[in-house]
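K.L.:
For reference, the structure I am asking about is given below.
The values are calculated or read from the model by the stated rules, or taken from the named source; none is laboratory data. Small disclaimer: the values here were computed from a predicted structure and weren't measured. Please note: Cβ atoms are built from the backbone with ideal geometry, for glycine as well, and neighbour counts cover all protein chains shown. To get the accessible areas, we keep the full protein, side chains included, count just its heavy atoms, and leave off ligands, DNA and RNA. Shrake-Rupley method; radii C 1.70, N 1.55, O 1.52, S 1.80 Å.
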Amino acid sequence: ELKVEQNPLFLSMQEGKNYTIYCNYSTTSDRLYWYRQDPGKSLESLFVLLSNGAVKQEGRLMASLDTKARLSTLHITAAVHDLSATYFCAVDPAGSRLTFGEGTQLTVNP
Amino acid sequence: EPEVTQTPSHQVTQMGQEVILRCVPISNHLYFYWYRQILGQKVEFLVSFYNNEISEKSEIFDDQFSVERPDGSNFTLKIRSTKLEDSAMYFCASRRSPRGGSSYNEQFFGPGTRLTVL
């Protein structure tokens, strides 16, 4: 059974600081996705990573994928309050269902 | 920009009643999905649908659940006899294709239907 683990599950950080969220998964996959969810809202796609070594950046967020290590990272640079949300990674080894991690609840404090 | 839509946004029902949740996927997408999220928990896969049939389902998707694409646009999830534990947010998602680049692979999620079973 595919397991997807994120850490940390809760992250409280100050504005202007940097931090990394980690996503480990248990089965070979070269497809990994990052989503953002605001409270009571839907899932907003952030990044689609489709190969080993893929790196994508959007604003203060950068995601990378190491398929050999079965690890993806979401790096936050100079956090701002607007980034407060829950971040999910999801893996899709067979090109079918998404298997999600537990989510990382990020709070950025002024 | 095209988007997945879902109705209703909130459904309250009594235990044992049937509910139908509706979704309109993005028009040129071929793969359709239902997921659910119990409050405060992670998102769980229920079922995928392609070429007018179920392509995969999870252990959650038992005989009480069914999906249908009754016409060229709607995609529905029916729960025949709701239980208290069915209370959750239900998300519909669609994808153009699992092959190809990012724009094809990405699963786009609808806004969700909050189902409350009393």
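K.L.:
For the range B:78-83, what does the Karplus curve 6.51 cos²θ - 1.76 cosθ + 1.60, with θ = phi - 60°, yield as ³J(HN,Hα) per residue in whole Hz, taken in order and with x for Gly and Pro?
P.N.:
So the Karplus estimates, Gly and Pro as x, are 10, 10, 6, 9, 5, 10 Hz.
K.L.:
Relative contact order for chain B using alpha-carbon pairs under 8 Å, separation at least 6, rounded to a whole percent?
P.N.:
For chain B, the relative contact order is 37 percent.
K.L.:
Further question: Can you grab the distance from the C-alpha centre of the range B:59-103 to the C-alpha centre of the range A:67-94, Å, no decimals?
P.N.:
Each part reduced to its Cα centre gives a spacing of 25 Å.
K.L.:
If you don't mind, another one. How much solvent-accessible surface does residue A:38 expose, in Å² to the nearest 10, with a 1.4 Å probe and all protein chains in place?
P.N.:
50 Å²
K.L.:
Taking a probe of 1.4 Å and counting only protein heavy atoms, give the total accessible area buried between chains A and B in Å², rounded to the nearest 100.
P.N.:
Working: alone 6120 and 6760 Å², together 11160 Å².
Buried area between the two chains comes out at roughly 1700 Å².
K.L.:
Which value, in Å² rounded to 10, gives the accessible area of residue A:89 with a 1.4 Å probe and all protein chains present?
P.N.:
So the heavy atoms of residue A:89 present about 0 Å² to solvent.
K.L.:
Ok, one more. Dividing the Cα radius of gyration by the Kirkwood radius, what Rg/Rh value follows for chain A?
P.N.:
Rounded to two decimals, Rg over Rh is 0.95.
K.L.:
I'd like to know how the protein assembly as shown sits against the 2.2 N^0.38 Å rule of thumb: what's its Cα Rg over that expected value?
P.N.:
1.02
K.L.:
From the phi of every residue in the range B:51-64, what ³J(HN,Hα) in whole Hz does the Karplus formula 6.51 cos²θ - 1.76 cosθ + 1.60 yield, where θ is phi - 60° and glycine or proline is x?
P.N.:
With the stated coefficients, the range B:51-64 comes to 6, 6, 8, 5, 9, 7, 9, 8, 5, 5, 7, 8, 5, 6 Hz.
K.L.:
Count neighbours as other Cβ atoms within 10 Å of each site's Cβ, and list the trypsin sites (Lys or Arg not before Pro) in the range B:68-118 that are DSSP loop with at most 11 such neighbours. Can you show the working numbers first?
P.N.:
Numbers: sites: B:78, B:80, B:83, B:95, B:96, B:99, B:114; in loops: B:80, B:83, B:96, B:99.
Passing both the DSSP loop test and the Cβ count: B:83, B:99.
K.L.:
Looking at chain B, identify the longest residue range that excludes and avoids all GluC sites (Glu not before Pro) in DSSP loops having at most 14 other Cβ atoms within 10 Å. Show your work: numbers first, answer last.
P.N.:
On the way: sites that count: B:3, B:18, B:59.
Between the exposed loop sites, the longest stretch runs B:60-118.
K.L.:
Here is a further query. Given a Förster distance of 41 angstrom, what is the FRET efficiency for residue B:13 paired with residue A:38, based on the Cβ-Cβ distance and rounded to 0.05? Before the final figure, lay out the partial values.
P.N.:
Working: r = 26 Å, r/R0 = 0.63.
That gives a FRET efficiency of 0.95.
K.L.:
Continuing with this model, one more query. Treating only the Cβ atoms of Lys and Arg (+1) and Asp and Glu (-1) as charged, compute the dipole magnitude of the range A:4-88 about its Cα centre; round to the nearest 20 debye.
P.N.:
On the way: 8 positive and 8 negative charges, 31 e Å.
Dipole magnitude for the range A:4-88 comes out near 140 debye.
K.L.:
As a test of the formula, what do you get for chain B when each DSSP H run with n ≥ 4 contributes -39,500 (n - 2.57) and the sum is divided by the residue count, at 222 nm and rounded to the nearest 500 deg cm²/dmol?
P.N.:
Using -39500 (n - 2.57) per qualifying helix, the result is -500 deg cm²/dmol.
K.L.:
Give the ranking of A:84, A:26 by solvent-accessible surface, highest area first, calculated with a 1.4 Å probe. Before the final figure, lay out the partial values.
P.N.:
Values: A:84 30, A:26 50 Å².
Reading off the accessible areas and sorting them downward yields A:26, A:84.
K.L.:
Compute the length gained on full extension between residue A:96 and residue A:3: take 0.36 nm times their separation in residues and subtract their Cα-Cα distance, giving the result in nm to one decimal.
P.N.:
31.9 nm
K.L.:
List every residue whose amide H lies under 5 Å from the amide H of residue A:80, counting only residues 5 or more places away in sequence or on a different chain, with H placed 1.01 Å from N in the peptide plane.
P.N.:
It is A:16, by chain and number.
K.L.:
Convert each backbone phi in the range A:91-98 into a coupling constant with the Karplus relation 6.51 cos²θ - 1.76 cosθ + 1.60 (shift: θ = phi - 60°), then list the ³J(HN,Hα) values in order as whole Hz, x for Gly and Pro.
P.N.:
10, 9, x, 9, x, 10, 7, 8
K.L.:
From largest to smallest, what semi-axes in whole angstrom does the range B:5-98 give when each is the square root of 5 times an eigenvalue of its alpha carbon gyration tensor?
P.N.:
21, 14, 13
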